[in-house]
1. Could you check the stretch 133-180 and list, in sequence order, the residues that are assigned to a loop (DSSP other than H, G, I, E, B) and polar (S, T, N, Q)?
2. Pick from 113, 119: which is at pLDDT below 95 and either on the phi > 0 side of the Ramachandran plot or not charged (D, E, K, R) (or both)?
3. Within the stretch 112-122, does at least one residue satisfy the condition of being without any contact (Cβ under 8 Å) to a residue 12 or more places away in the chain and surrounded by fewer than 17 Cβ atoms within 10 Å (Cβ to Cβ)?
4. From the set of residues in the stretch 136-157 that are surrounded by 15 or more Cβ atoms within 10 Å (Cβ to Cβ) and within 26 Å of the chain's Cα centre (by Cα), which is farthest from residue 28 (Cα to Cα)?
5. Just to verify a result, which residue in the stretch 75-88, among those that are among the hydrophobic types (A, V, I, L, M, F, W, C) and more than 19 Å from residue 169 (Cβ to Cβ), is surrounded by the fewest Cβ atoms within 10 Å (Cβ to Cβ)?
6. Given the residues 100, 91, 32, 26, which is the only one that is surrounded by 13 or more Cβ atoms within 10 Å (Cβ to Cβ) and at pLDDT below 95?
7. Report, by residue number, each residue of the stretch 92-103 that is in a helix (DSSP H, G or I) and of a type in the set (A, V, I, L, M).
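The values are calculated or read from the model by the stated rules, or taken from the named source; none is laboratory data. It should be emphasised that the depicted structure is a prediction, and the values quoted were computed from it without experimental measurement. Cβ placement follows ideal geometry from the backbone for every residue including glycine, while neighbour counts extend to all protein chains displayed.
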Amino acid sequence: MTQSLTHPHRVFDPLLRVLHWAIALAIVSLIATSQLAEWFEHGPYEKTFWNLHILSGYVLTAGLLTRLLWGVVGPASARWRDVWHPAVWKASLSTMRLPAKHRAGHDPIASLGYLFAYGVMALMVITGLGLAASEFQAGPLAGWLGDAAWLEDVLGEPHEVGFVLLLGFIGLHLTALVFHQWRGERVAQSMVTGKQYHQMESGVQHD
């Protein structure tokens, strides 16, 4: 009879995995420091937490820029074309069904979420750098925007909207990982070991 086995494939390169975790940790730090700064508002630690928040923003900026470059010059599974699947998206939308087969690399449907998250993070970086310059006179834009206090009102709301959207993505991302784990699919470990496990058919004879 034929049995379905899982076979590991090394897919994601070390730099891609490092960037994944650097960006994730930067986001966690940004969330934590912003909330702590709000809790200690007008207290002795408020400025310290905002400074840490800005530093975490620099880490996120560096991580995104490196990821952008690596998506152009990196290996196949890191390239932007590996997360760009318009034909699959169109087919799934027209049939209201998920793809039946898994592929090596980024999942086509999950890639939509990743692209959305990268867009939100880019929004957070742009507005964050502007706010750091106008509100704290810090960062690479301080020389141009350090006196533009009016930018706080212009950039503050988009930055907060981006914050809420990013929290929503994190929630969906973690829920999907738990769901796959519940189904017995070894998805979560791929950004640790770089390996993906795909189903393969194997003929096994029984007497």
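1. From the stretch 133-180, those assigned to a loop (DSSP other than H, G, I, E, B) are 137-141, 146-150; that's our starting set.
Answer for the stretch 133-180, where residues must be assigned to a loop (DSSP other than H, G, I, E, B) and polar (S, T, N, Q): just 137.
2. Details: 119 fails: at pLDDT below 95.
So the residue among 113, 119 that is at pLDDT below 95 and either on the phi > 0 side of the Ramachandran plot or not charged (D, E, K, R) (or both) is 113.
3. First, the residues of the stretch 112-122 that are without any contact (Cβ under 8 Å) to a residue 12 or more places away in the chain: 119.
From what is left, the residues that are surrounded by fewer than 17 Cβ atoms within 10 Å (Cβ to Cβ) are 119.
So far as the stretch 112-122 goes, yes, one or more of its residues are without any contact (Cβ under 8 Å) to a residue 12 or more places away in the chain and surrounded by fewer than 17 Cβ atoms within 10 Å (Cβ to Cβ).
4. 141
5. Kept after step one, since they are among the hydrophobic types (A, V, I, L, M, F, W, C), are these residues of the stretch 75-88: 76, 78, 80, 83-84, 87-88.
So of that shortlist, the ones also more than 19 Å from residue 169 (Cβ to Cβ) come out as 76, 78, 87-88.
On the way: 76: 11, 78: 22, 87: 9, 88: 17.
Applying the filter and picking the extreme gives 87.
6. Values: 100 fails: surrounded by 13 or more Cβ atoms within 10 Å (Cβ to Cβ); 32 fails: at pLDDT below 95; 26 fails: at pLDDT below 95.
Testing whether each residue is surrounded by 13 or more Cβ atoms within 10 Å (Cβ to Cβ) and at pLDDT below 95 leaves just 91.
7. Our first condition is that a residue be in a helix (DSSP H, G or I); within the stretch 92-103, this holds for 92-95.
Hit for the stretch 92-103 is 93, nothing else.
For (1) over 15 Å from the mean Cα position of the chain (by Cα); (2) not in a helix (DSSP H, G or I), each residue gets a yes or a no:
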residue: 53; (1), (2): yes, no
residue: 60; (1), (2): no, no
residue: 64; (1), (2): no, no
residue: 71; (1), (2): no, no
residue: 90; (1), (2): yes, no
residue: 105; (1), (2): yes, yes
residue: 112; (1), (2): no, no
residue: 121; (1), (2): no, no
